[in-house]
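Single-structure report; data block below.
What follows draws every value from the coordinates through simple rules; no lab data is involved. Predicted model only: the values in this text are computed from it and were never measured. Using ideal geometry, Cβ is built from the backbone for each residue, glycine included, and neighbour counts are taken over all protein chains shown.
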Amino acid sequence: MLASACSAAQSAQEPEPEQKKTPVSTPTAKPTPERRPYTIAFGGDTHFEGVLLNRLRANPKTVLGPIASVLKRADLAMVNLETAITTGGTRAPGKEFAFRAPPSALTALKAAGVDVASLANNHGMDFMQSGLRDTLAAIRKSRFPVVGVGKNAAEAYKPYRRTVNGNRVAIIGATQVLDAEFIQAWTATSEQGGLASAKEEKRLIQAVRAARKNSDTVIVHLHWGTELQKCPNPAQRDLAPKLVAAGADVIVGGHAHILLGSGYLKKSYVNYGMGNFAFYNSGPETGRTGVLTLTINGRKVLKDRWTPAHIQSGVPIPLTGSARTQAVSQWKSLRSCTGLSAKP
């Protein structure tokens, strides 16, 4: 009895074997990629009419010629695609100039190093809703990114997004230029396909603010200005600061068929007119063109570079030597009537 009690007491005093703890794994957050500067190149108004259509039919992959090497050097490249993508459709009634191109136009842009185009302009729906259906079908089939157009407003104002060197880039396209008789029929709404209109100012600003929330760089590509007028018009001068206040870091556009000035509005970069780029006709002024290349890191535009060219047989041919030097000086002088500055 005594031995049994001692044994029980001894057993009660022995420590329990130590339980091994299962290590708790703490999830490690993925390291944020280091953000480095990137470049984006812009060309102006591009279509595939006349001599350009002949070049497109001959070989879609070489249409833009030597300017393609300038576009390809940039991390991103963009143009204004001033045409409907259709071989049919119903021509806009009473319109003097109506542009259209086959789907191979998108192949040509991609081959030239263009990454995204805007169709928000006064020719994007030259062949009305039937042409728009063809355009949207061609975009889907090609998988070539196009902004400023869609089956409804949500799609038309939706930005193209791409991460470049750790920078989350958002590009929105819209047009401030629409013929009065087509504004209602061409503007995208919740129930109607069409273009993103900068005339719907609140809607555009809303799109910019939404993009600002989750982007490092917000770019707005606009069709704006007055044809053949060398200085920005009041509508441009009024809209630009509103977009900057909403969060736009870069505003680039065209429509005037001639070059307009570029520079900084506060800390944002604004270009008021890229002129023609690949275009079926050109003169002493309308034939002046080039590529604007911006170096950007986050919200900061670190540098702008102008590569001047002149349109020959519809295609931009880069200038060299003294002609290049003179053209760059002329381009910089266009800033004088813009209210923009050379530095932020």
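Per-structure values
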quantity	calculated
Lone unmet requirement of (1) surrounded by fewer than 16 Cβ atoms within 10 Å (Cβ to Cβ); (2) closer than 21 Å to VAL164 by Cβ for LYS202	(2)
Leading residue by the ranking (surrounded by the most Cβ atoms within 10 Å (Cβ to Cβ)) among those in segment 213-237 that are polar (S, T, N, Q) and more than 15 Å from the chain's Cα centre (by Cα)	GLN236
Selection status of ALA101, more than 16 Å from the chain's Cα centre (by Cα) and of a type in the set (Gly, Ala, Ser)	yes
The one condition in (1) touching a Phe, Trp or Tyr at 6+ places or on another chain (Cβ under 7 Å); (2) of a type in the set (Lys, Arg); (3) under 30 Å from GLN206 (Cβ atoms) that LYS343 fails to fulfil	(3)
Among residues of segment 194-234, those that are touching a residue at least 24 places away in the same chain (Cβ under 8 Å), part of a helix (DSSP H, G or I) and of a type in the set (Lys, Arg), counted	3
Unmet requirement for LEU294, which otherwise passes all of (1) more than 17 Å from the chain's Cα centre (by Cα); (2) surrounded by 15 or more Cβ atoms within 10 Å (Cβ to Cβ)	(1)
ALA240 being aliphatic (A, V, I, L, M), surrounded by 21 or more Cβ atoms within 10 Å (Cβ to Cβ) and part of a loop (DSSP other than H, G, I, E, B)	no
Positions within segment 38-76 being among the hydroxyl-bearing types (Ser, Thr, Tyr), in contact (Cβ under 8 Å) with a residue 60 or more places away in the chain and either more than 19 Å from SER104 (Cβ to Cβ) or in a loop (DSSP other than H, G, I, E, B) (or both), in sequence order	TYR38, THR39
Residue check for ALA210: surrounded by fewer than 20 Cβ atoms within 10 Å (Cβ to Cβ), in contact with a helix residue (DSSP H, G or I) (Cβ under 6 Å, 6 or more places away or on another chain) and among the small types (Gly, Ala, Ser)	no
Residue in segment 183-193 that is within 14 Å of the chain's Cα centre (by Cα) and of a type in the set (Phe, Trp, Tyr) present	no
Test: residue in segment 186-193 that is farther than 17 Å from VAL116 by Cα and not in a loop (DSSP other than H, G, I, E, B)	yes
Tabulated pairs, segment 148-161, first of a type in the set (A, V, I, L, M, F, W, C), second part of a helix (DSSP H, G or I) and crowded, with 22+ Cβ neighbours inside 10 Å, C-beta under 6 angstrom, 6+ apart or interchain	VAL149/ALA156
